[in-house]
């Protein structure tokens, strides 16, 4: 696989849960986090290890909560992007949504090391934006870092989001940028 167009995408649901688990449990997968770093409630925050985070994420999937998309190549899950309504996350930063906004947040991406450097992050961002739009989002917010950042790299890099049309709004924490893309209805150009 060498081009971003090689991926197809499916939402993580009870039907794709096994693929989600397989990707996260694969060598180098994000099983230390289970993509719960920004999702834990105050009560759940006491469960901080990977094994304790897994059932927290799986219970969200079983309840039908949107959590993200899996990228597939040749029928196998090979990538992940966390895209869900902003209210399902905690402490991400960014402005409070306006009354007429339905904000979805892109909080994390995972691509196995062997597949990095092939433009797949652009495919993940594009799929996340398309999915959020289809679910009624009016804004997608992301929290990427500078490519030289020593941490939060799983949240993506600023230039990739700039290339996708996101605009910088400010900083969240010491390294993360808050970037937003206002969505047009399906079939119309972004603004």
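The values are calculated or read from the model by the stated rules, or taken from the named source; none is laboratory data. Keep in mind that this is a model prediction, so the values were computed, not measured. Neighbour counts are summed over all protein chains in view; Cβ atoms, including those assigned to glycine, are modelled from backbone coordinates with ideal geometry.
Odds and ends about this structure:
- Hey, residue 91 in contact (Cβ under 8 Å) with a residue 12 or more places away in the chain and assigned to a helix (DSSP H, G or I) or not: no
- Restricting 172, 121, 107, 160 to those that are within 16 Å of the chain's Cα centre (by Cα), touching a residue at least 40 places away in the same chain (Cβ under 8 Å) and on the phi < 0 side of the Ramachandran plot reduces the list to 107.
- Within region 112-168, the set of residues being out of contact with any helix residue (DSSP H, G or I) (no Cβ under 6 Å at 6 or more places or on another chain), within 20 Å of residue 67 (Cα to Cα) and in a strand (DSSP E or B) comprises 139, 141.
- If you go through region 74-85 and keep only what is surrounded by fewer than 20 Cβ atoms within 10 Å (Cβ to Cβ) and in contact with a strand residue (DSSP E or B) (Cβ under 8 Å, 6 or more places away or on another chain), you end up with just 85.
- Pairs with Cβ under 7 Å, 6+ apart, first in region 35-53 and over 11 Å from residue 91 (Cα atoms), second exposed (fewer than 13 other Cβ atoms within 10 Å of the Cβ) and modelled with pLDDT of 80 or more: 50/32
- Of note, residue 94 does not satisfy the criterion of being more than 19 Å from residue 173 (Cβ to Cβ), crowded, with 18+ Cβ neighbours inside 10 Å and modelled with pLDDT of 90 or more.
- Within region 123-156, tally of residues that are at pLDDT below 95, surrounded by fewer than 21 Cβ atoms within 10 Å (Cβ to Cβ) and under 14 Å from residue 81 (Cβ atoms): 1
- Residues satisfying the stated conditions in region 1-44, i.e. part of a helix (DSSP H, G or I), exposed (fewer than 13 other Cβ atoms within 10 Å of the Cβ) and at pLDDT below 85: 5
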